[in-house]
Amino acid sequence: MEIDLKEYINIFIEESGEHIQELDILLVDLEKNKKDKKILKKIYRIMHTLKGISGIVGFNDMSSMLHSAETCMDMVLNAEITLHTRIIESLFEVSDVLKSTINSLREGGQPAMDFKKQSDQFSQFIKKQPSKKSRKKHPIPYSFDLNKYNDKIYEALEQKQQAYTFSFIIDKKEEVKDSRRRILFRRLSKHGEILDYRPRRTDDYYTKNDLKINALFIGTVTDELLADVRRVDRIHKFSYEEIDSKKLAQKAAPAAVGKEIKAFADKDTVKVKVEKLDSLLNYAQELTILNLSFQNIFDRINEFKSLDDLASDLNNPIDALAKTTQNIHQEIMRVRMVPIAHLFQRFHRPVRDIAANFGKKVGLKIKGEDEEIDKNAIELLFEPLLHLVRNAIDHGIETPEQRVKAKKPAEATLELRSYSRQNRLFIEVYDDGRGIDPEMIKKKAVERGIIEATDEITEERLIELIFLSSFSTKEKANELAGRGLGMNIVAEAVKKLGGEITTGTEKGKSTTFTISLPSTMEIISVLIIRAAGGIYALPLGAITEIIDIAHQDIKTVKNNEVFMLRDTVVPLIKFEKYFEVTQAPPVNGKTTVIIIESDGQRFGLTVEEILKKQEVVVKPLPEPFGTSYGINGVTVLGDGSVALIIDVNTLVKQL
């Protein structure tokens with residue numbers, strides 16, 4: 001029967017993708033710390049793992065290439081060959097080949113890369129090793145650190161089992177000795193557990209001589225076990241010895257065991273397809289809307305005094321339903337969320353490659369990597385961030401010579417930062433380069449006919465011109481930048497995510513691009529208001545208080561309306577002016593004002609009526625509306641009506 005490997009290939013794509021990303025990070029670190037054995041061992045482990053899983057799914061050429069790389073790393077670790085730049089470059093090439101292969105598999109294709117080139121490169125490195133006489137000998141250890149397996153052995157003893165050391169020889173005629181070892185271990189595993197074995201070095205299994213192996217085993221030696229061993233061809237001189245319990249350390253205290261169990265449990269994870277989570281999330285959102293419908297019915301019943309008892313009976317189950325609904329939704333959201341480190345860590349390699357291409361030295365720093373983001377947003381944000389990183393290195397960061405002349409470190413700093421504030425996620429790309437020159441932008445804009453030389457434009461508005469299509473300050477385009485497309489792509493991509501991008505710069509010192517993203521598909525607490533005849537929602541977290549002010553208390557200062565609040569001048573934003581709608585006149589000469597605080601600034605927003613507080617599901621605005629300035633999303637209320645969610649962060653920019 002032919003085995004369908006499709007399912008296993010999907011697992012291979014997912015598993016190998018994670019290993020390759022880690023490999024890129026380690027290789028960038030290895031370039032700076034060539035003698036760091038911890039990094040070398042991690043790279044060796046990744047090569048070994050990738051070799052194994054590629055062999056399982058039948059990618060033998062890929063497995064052979066990885067075996068060559070693994071052997072090379074093993075020899076570096078054992079000081080048999082010297083790690084030099086060409087080896088590191090070859091390891092980067094392995095990573096690139098693997099990524100191309102993974103992308104091809106994702107699109108339904110087959111590995112079409114030439115793995116032989118990389119295999120031959122590593123073979124050349126290995127051939128250049130010193131002669132056998134000068135090579136360091138690595139004796140095979142035939143004893144085990146029993147303390148390492150202390151608890152396991154004690155557990156076996158309590159179950160009336162025993163611990164043994166097994167010893168056997170694989171015949172020199174066996175060409176694939178590691179395969180023979182695996183066959184024997186599978187037989188032994190039916191009778192107990194192999195805790196450890198020696199040797200483990202890959203090259204030891206390619207000897208043309210007999211190979212002696214020792215194994216640490218817990219279980220019971222029976223006639224059936226010995227018969228299974230005899231059935232394995234080319235295994236000789238099998239012997240075993242029972243381990244004396246007196247050689248073991250004293251049994252660990254229960255508290256330590258509990259801690260170890262907890263550490264193990266923390267690693268226990270289940271992988272779930274995002275599509276399934278999306279389906280669950282949709283149901284949870286429908287449940288939330290259904291709960292709001294019940295609440296609406298309850299409010300209507302409560303208007304009739306004769307039905308007070310019925311309203312009272314309904315109140316408790318409605319509250320319970322609301323709480324359960326919110327808990328379900330929040331738990332599903334938690335499953336969907338991943339640390340933003342999954343996004344940021346992917347930039348170690350691009351930063352290294354782009355900097356090398358432009359002849360610059362750049363060190364990447366990451367801050368706020370524990371902030372969480374929806375898994376779907378990871379892929380959507382990678383390209384925009386890559387454009388910003390490329391722009392920072394190309395346009396913003398100076399060459400090492402220019403930096404030294406400007407009394408800066410030769411190596412520039414590029415930072416990826418993340419933080420949350422008022423139901424929004426902020427992502428920043430910072431560089432300590434030359435900053436943005438507004439005058440240079442104005443000059444280029446005039447040359448391209450975007451503005452007139454006589455136009456009076458603020459520096460902030462000039463800097464925003466870099467996000468226009470086909471705008472670039474670079475004189476000549478190259479393969480990485482200069483065609484004026486990158487920043488426009490960033491702005492469009494961020495807009496599609498319901499966010500916005502702003503720029504902060506200090507000439508000669510630094511530039512920071514800040515992406516602000518709204519909460520999507522999330523339940524938040526809001527204040528439902530009526531304004532200009534429509535229903536809107538304001539996030540409760542931004543509201544400090546609600547007051548009524550008389551019309552005569554509103555003053556005008558420099559064409560801006562303000563009012564006094566406890567001896568403090570507070571700016572006033574009139575809803576109808578900001579959103580260009582018609583607002584009803586104040587009742588009894590007084591206007592309801594919601595005091596809002598955002599980004600350290602306080603202001604008042606006029607509304608017609610305060611309706612109620614409520615938990616709502618936030619969804620992005622549907623097409624064709626896209627992203628509307630000042631609107632954070634949309635929600636469906638209990639009576640089926642739709643309310644727009646106001647973005648207070650954009651309101652504050654009007655001050």
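Heavy-atom accessible surface of ILE11, to the nearest 10 Å², is about 80 Å², with a 1.4 Å probe and all protein chains retained.
Placing unit charges on the Cβ atoms of the charged side chains and taking the dipole of region 308-461 about its Cα centre, the candidate lying farthest along the positive direction among SER420, PRO317, ALA355 is ALA355. Can you give the FRET efficiency for GLU15 and GLU89, using 1/(1 + (r/R0)^6), R0 = 25 Å, r = Cβ-Cβ distance, to the nearest 0.05? Working from the Cβ atoms, E equals 0.45.
From the C-alpha coordinates alone, can you work out the Kirkwood hydrodynamic radius of region 63-125, in Å?
Details: mean 1/r = 0.0813 Å⁻¹.
One over the average 1/r among Cα pairs gives 12.3 Å for region 63-125.
Taking the 1.4 Å solvent-accessible surface of region 375-460 as the whole, the part contributed by carbon and sulfur is 49%.
Ordered by solvent-accessible area of protein heavy atoms (1.4 Å probe), largest first, the residues ILE549, ILE543 come out as ILE543, ILE549.
Subtracting the Cα-Cα distance of MET337 and LYS367 from their residue separation scaled by 0.36 nm leaves 9.0 nm.
With the full set of protein chains in place, find how many percent of the accessible area of region 485-596 is carbon and sulfur; take the probe as 1.4 Å.
On the way: 2880 of 5670 Å².
C and S atoms contribute 51 percent here.
Solvent-accessible surface of protein heavy atoms, probed at 1.4 angstrom with all chains present, puts ARG424, ARG334 in the order ARG334, ARG424, largest first.
Per-residue surface analysis assigns LEU380 an accessible area of about 100 Å², computed on protein heavy atoms at 1.4 Å probe radius. In this structure the amide hydrogen of ILE631, modeled in the peptide plane, comes within under 5 Å of the amide hydrogens of ASP647, none closer than 5 places in sequence on its chain.
In this simple spin-label model, placing a label point 7 Å from the Cα along the Cα-to-Cβ direction at both THR222 and LYS613 gives a separation of 6.7 nm. If you take the Cα centroid of region 486-565 and the Cα centroid of region 57-87, the two points sit 54 Å apart. Between ARG234 and ARG106, how high is the FRET efficiency from 1/(1 + (r/R0)^6) when r is the Cβ-Cβ distance and R₀ = 41 Å? Nearest 0.05. So the FRET efficiency works out to roughly 0.50.
Over region 143-243, what is the mean sequence separation of C-alpha contacts under 8 Å (at least six apart), divided by residue count, expressed as relative contact order in percent?
Values: 153 pairs, mean separation 43.6, N = 101.
Taking the mean separation of contacting Cα pairs over the length of region 143-243, I get 43 percent.
3J(HN,Hα) along region 513-518: 9, 10, 9, 10, 10, x Hz, from the Karplus curve 6.51 cos²θ - 1.76 cosθ + 1.60 with θ = phi - 60°, whole Hz, x for Gly and Pro. Please give the net charge around ALA643, taking every other residue with its beta carbon less than 12 angstrom from that of ALA643, where Lys and Arg add +1 and Asp and Glu add -1. Taking every Cβ under 12 Å from that of ALA643, the sum is +2.
What order do TYR44, TYR283 take when sorted by accessible area (1.4 Å probe), most exposed first? It would help to have the intermediate numbers written out before the result.
On the way: TYR44 45, TYR283 140 Å².
Result, largest first: TYR283, TYR44.
Taken about its Cα centre, region 64-112 carries a charge dipole of roughly 140 debye when the Cβ of each Lys and Arg holds +1 and the Cβ of each Asp and Glu holds -1.
Between the amide H of ASN78 and any residue lying 5 or more places away or on another chain, no distance stays under 5 Å, with hydrogens modeled in the peptide plane. For the pair region 587-619 / region 373-423, the C-alpha centres are spaced 37 Å from each other.
Given that compact globular proteins tend to follow 2.2 N^0.38 Å, what is the ratio of the alpha-carbon Rg of region 334-484 to that value?
Working: Rg = 17.2 Å, N = 151, 2.2 N^0.38 = 14.8 Å.
For region 334-484, the normalised Cα radius of gyration is 1.16.
Once all protein chains are placed together, ARG461 keeps about 110 Å² accessible to a 1.4 angstrom probe.
Go through LYS361/LYS405; LYS323/LYS574; LYS360/LYS442; LYS365/LYS509; LYS160/LYS237; LYS42/LYS152 and tell me which ones have a Cα-Cα distance over 24 Å in this structure. Working shown, then result.
On the way: LYS361/LYS405 15 Å; LYS323/LYS574 35 Å; LYS360/LYS442 27 Å; LYS365/LYS509 17 Å; LYS160/LYS237 27 Å; LYS42/LYS152 26 Å.
Among LYS361/LYS405; LYS323/LYS574; LYS360/LYS442; LYS365/LYS509; LYS160/LYS237; LYS42/LYS152, the Cα-Cα distance tops 24 Å for LYS323/LYS574; LYS360/LYS442; LYS160/LYS237; LYS42/LYS152.
Put simply, the amide H of ALA412, placed in the peptide plane, has neighbours under 5 Å in LYS361, VAL362, GLY363, leaving out anything fewer than 5 places away on its chain.
What FRET efficiency comes out for the pair LYS407/MET440, r = Cβ-Cβ distance, R0 = 22 Å, nearest 0.05? Please report the intermediate quantities before stating the final value.
Values: r = 22 Å, r/R0 = 1.00.
After rounding, the FRET efficiency stands at 0.50.
Between ASN560 and TYR419, 0.36 nm times their residue separation minus their Cα-Cα distance comes to what? Each step should come with its number before you reach the end.
Details: separation 141, 0.36 × 141 = 50.76 nm, distance 3.19 nm.
Taking ASN560 through TYR419 to full extension adds about 47.6 nm, to one decimal.
The values are calculated or read from the model by the stated rules, or taken from the named source; none is laboratory data. Here the structure is a predicted model, which is why all the values come from computation and not from measurement. Here Cβ is always computed from backbone atoms with ideal geometry, including for glycine, and neighbour counts include all displayed protein chains. All accessible areas refer to the heavy atoms of the entire protein, side chains included, with ligands and DNA or RNA removed. Shrake-Rupley method; radii C 1.70, N 1.55, O 1.52, S 1.80 Å.
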